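The values are calculated or read from the model by the stated rules, or taken from the named source; none is laboratory data. Remember, predicted model here, so these are calculated numbers, not experimental data. Positions of Cβ are backbone-derived with ideal geometry, glycine not excepted, and every protein chain shown enters the neighbour counts.
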Amino acid sequence: MSSQFERLEIPDVVMIEPRVFCDERGFFMETYKYSEFAAFGIKEQFVQDNYSRSCRGVLRGLHYQNPPKSQGKLVRVIAGEIFDVAVDIRRSSPTYGRWVGVRISAEDMKMLYIPAGFAHGFLAMSDATEVFYKTTDEYSPEHEAGIIWNDPEIGIKWPAEQPVVSPRDSRWPRLAEAVNGFVYEGGRI
């Protein structure tokens with residue numbers, strides 16, 4: 001395998017470290033190879049790519065899409081650094097309401113896989129942060145949902161005291177009141 005896969009504290013969220021080939025010309029890496037991901041157990045097909053640029057201190061999230069248009073995500077940073085967060089929102093899950101957060105950057109070239117059933121958000125840690133991510137379903141406004149980024153019952157420890165949050169992201173409900181169509185069924189949504 002070219003990439004190394006590591007399950008995080010919530011085992012469905014996976015850190016991926018691609019093998020990078022460097023020489024005097026620069027570098028080359030495979031960012032996604034279906035056969036390697038499937039061999040690890042990530043068998044979803046990605047159907048949409050998204051790209052964002054954020055200033056330092058911008059917080060985007062916590063976002064998700066409800067079934068039947070739920071999205072898994074494969075997140076990587078192509079400029080700067082982010083603090084990336086996934087919150088388990090699958091009712092009856094042993095990790096329901098828990099979060100995992102990691103720093104990933106253009107420099108370390110790591111990626112984060114977040115399956116459907118998780119709310120996702122990130123905080124830009126650099127002046128010009130660019131994030132590229134793949135999704136397992138297309139954007140669907142009628143299935144879009146979110147959770148307020150500072151829900152005290154989740155208790156995410158964001159590494160910023162006063163992040164810049166959009167008006168929309170400031171109005172999401174707490175997890176307890178959020179519209180949520182995910183149910184944990186022994187590791188399956």
Study note, to complete from the structure: Just one listed residue, out of 93, 3, is more than 16 Å from the chain's Cα centre (by Cα), under 19 Å from residue 183 (Cα atoms), surrounded by 16 or more Cβ atoms within 10 Å (Cβ to Cβ) and among the polar types (S, T, N, Q), and it is 93
Practice item. Would you please list the contacts, defined by Cβ atoms under 8 Å and residues six or more apart or on different chains, that run from a residue in the stretch 162-189 that is at positive phi to a residue that is at pLDDT 95 or above? Key: 187/12
Check your understanding: With respect to residue 90, is the statement that it is touching a residue at least 40 places away in the same chain (Cβ under 8 Å) and among the charged types (D, E, K, R) true?
Key -> yes
**Study point:** Selected residue (only one of 7, 25 is of a type in the set (D, E, K, R) and touching a strand residue (DSSP E or B) at 6+ places or on another chain (Cβ under 8 Å))
**Key:** 7
Exercise for review: Restricting attention to strands (runs of 3 or more DSSP E) lying wholly within the stretch 115-188, give those where 2 or more residues are aliphatic (A, V, I, L, M) and under 14 Å from the mean Cα position of the chain (by Cα).
Suggested key: 118-124
Review point. Within the stretch 10-22, how many residues turn out to be closer than 20 Å to residue 120 by Cβ and out of contact with any strand residue (DSSP E or B) (no Cβ under 7 Å at 6 or more places or on another chain)?
Key: 2
Revision key, fill the gap. Within the stretch 80-105, of all residues that are part of a strand (DSSP E or B), out of contact with any Leu (no Cβ under 6 Å at 6 or more places or on another chain) and of a type in the set (D, E, K, R), the one farthest from residue 59 (Cα to Cα) is 91
Review point. What are the residues in the stretch 100-118 that are under 13 Å from residue 64 (Cβ atoms) and touching a Gly at 6+ places or on another chain (Cβ under 7 Å), if any?
Key: 114, 115, 116
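Here is a yes/no grid of residues against (1) surrounded by 12 or more Cβ atoms within 10 Å (Cβ to Cβ); (2) modelled with pLDDT under 95:
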{"residue": "12", "(1), (2)": "yes, no"}
{"residue": "25", "(1), (2)": "no, yes"}
{"residue": "68", "(1), (2)": "no, no"}
{"residue": "73", "(1), (2)": "yes, no"}
Practice item. For residues that are assigned to a strand (DSSP E or B) and among the basic types (Lys, Arg), scanning just the stretch 64-79, find the one that is farthest from the chain's Cα centre (by Cα). Key: 76
Check your understanding: Can you spot a residue in the stretch 151-165 that is in contact with a helix residue (DSSP H, G or I) (Cβ under 8 Å, 6 or more places away or on another chain), over 21 Å from residue 69 (Cβ atoms), surrounded by 15 or more Cβ atoms within 10 Å (Cβ to Cβ) and hydrophobic (A, V, I, L, M, F, W, C)?
Key -> yes
